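> Please find one structure pasted underneath; my questions will follow.
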Amino acid sequence: SDLKTKLTTEVILEVVDQYGVLLHNIGQKLVNVPDLDIALSEISEMIKSTIGAEKVQVILSDNFSYLDEMGIPAEAAEKAIDKKTAKIFLFSTPDHYVNNDQATIPEPSMVPMMLVPVLIDDEVVALIFARKPPSSSRFYNSDLQLVFAISNQVAMSIQRSRVEEELLHKSNYDSLTDLPNRAFFLDRLRRSLAQSRGEEGGEFAVLFLTSIILKMST
């Protein structure tokens, strides 16, 4: 009994330490990789290797209309988005075929899956989807809790990305007309000059338009 308790404690501590390292590495990735899509792709691979998944995806809300094409059950996705709850479940797929004396017929196989919503101000902005190979062991609650913790980090990163995009837009566009401003023009002009001086060269022109209003007096 003492040995069993000791071994169990050591295993738990090892798993906790492993998950702590993973969360730290994911946080570093989200901060240091400027391209959010690349960061999310790399994070998916890190999650996959940790929880023993066959596939992991972080899907932003812009792509929710393509969930079915990604192999994500529509009903489960709708529940996760509408109820804003994480879940692990088994999904039956007729991928597997068996032969009998009369014909080859499909036999459903159970695929372990996980869906975790990413929330910002009670809005689902992304889904973390994980899948194991058919008929393998289900995901554990500890796996779900880990991915849920990661979803909070992803939410903060998405929110930060939104703020940065908004600030960048405000600095380059007029607040009244939403048209490009002087800063935007000078940035594009500098880029064009740099390209024209580069190895490939290239010509460009600047067209300046002005309007003159003549006030007629009688």
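> Please compute one quarter of the surface area of the Cα convex hull for segment 32-191 and express it in square nanometres. Mind showing how you got there, number by number?
Numbers: hull surface 54.6 nm².
Averaging across all directions leaves 13.6 nm² for the Cα convex hull.
> Give me the compactness ratio for segment 142-185, meaning the Cα radius of gyration over 2.2 N^0.38 Å.
Details: Rg = 17.0 Å, N = 44, 2.2 N^0.38 = 9.3 Å.
Here the answer is 1.84, to two decimals.
> Just order 202-209, 169-176 by mean Cβ neighbour count inside 10 Å, highest at the front, would you?
Values: 202-209: 6.5, 169-176: 11.2.
So the peptides 202-209, 169-176, ranked by packing, come out 169-176, 202-209.
> Round to a whole number: what % of the accessible area of segment 115-179 belongs to carbon and sulfur, probe 1.4 Å? All intermediate terms of the calculation are to be shown ahead of the outcome.
Numbers: 2030 of 3740 Å².
Ligands and nucleic acids excluded, carbon and sulfur give 54 percent.
> Need the full-extension length gain, GLU75 to LEU167, defined as separation in residues times 0.36 nm minus the C-alpha distance. One decimal, nm.
On the way: separation 92, 0.36 × 92 = 33.12 nm, distance 3.72 nm.
My answer for the length gained is 29.4 nm.
> According to a simple spin-label model (label point 7 Å from Cα along Cα-to-Cβ), what is the distance in nm between LEU214 and MET46?
It is 6.8 nm.
> Which of the pairs LYS55/LYS87; LYS84/LYS132; LYS48/LYS84; LYS29/LYS132 have their Cα atoms more than 19 Å apart in this structure? Could you put the intermediate results ahead of the total?
Values: LYS55/LYS87 16 Å; LYS84/LYS132 22 Å; LYS48/LYS84 22 Å; LYS29/LYS132 24 Å.
Where the Cα-Cα span goes over 19 Å, the pairs concerned are LYS84/LYS132; LYS48/LYS84; LYS29/LYS132.
> Which distance in Å, rounded to a whole number, links the C-alpha centroids of segment 180-196 and segment 117-166?
Spelled out, the Cα-based centre of one part sits 38 Å from the other.
> Quick one, what does Rg over Rh come out to for segment 45-94 if you take C-alpha atoms and the Kirkwood Rh?
Numbers: Rg = 11.8 Å, Rh = 12.3 Å.
With Rh from the inverse mean 1/r over Cα pairs, Rg/Rh is 0.96.
> For segment 102-218, taking Cα atoms only, what is the radius of gyration to one decimal and the Dmax to the nearest whole Å?
That works out to 27.8, 102 Å for Rg and Dmax.
> How much length, in nm to one decimal, is gained on full extension between LYS55 and TYR140, taken as 0.36 nm per residue of separation minus their Cα-Cα distance?
Working: separation 85, 0.36 × 85 = 30.60 nm, distance 1.59 nm.
In short, 29.0 nm is gained.
> Let me ask something else. In terms of solvent-accessible area of protein heavy atoms at a 1.4 angstrom probe, what is the ranking of ARG131, ARG188, highest value first? Each step should come with its number before you reach the end.
Values: ARG131 55, ARG188 95 Å².
Of ARG131, ARG188, the descending order of accessible area is ARG188, ARG131.
> What's the extension gain from LYS84 to VAL33 if we count 0.36 nm per residue and subtract their Cα-Cα distance? Write out the running numbers ahead of the final one.
Details: separation 51, 0.36 × 51 = 18.36 nm, distance 2.77 nm.
Here the answer is 15.6 nm.
> Which net charge results when you count Lys and Arg as +1 and Asp and Glu as -1 among the other residues whose beta-carbon is under 11 Å from that of SER157?
Working: positive: LYS29, ARG160, ARG162; negative: GLU164.
Around SER157, the surrounding residues sum to +2.
The values are calculated or read from the model by the stated rules, or taken from the named source; none is laboratory data. Owing to the predicted nature of the structure, the values given are computational and were not obtained by experimental measurement. Heads up, the Cβs are rebuilt from the backbone with ideal geometry, glycines too, and the neighbour counts pull from every protein chain shown. Accessible surface areas use protein heavy atoms only, side chains included; no ligands, DNA or RNA. Shrake-Rupley method; radii C 1.70, N 1.55, O 1.52, S 1.80 Å.
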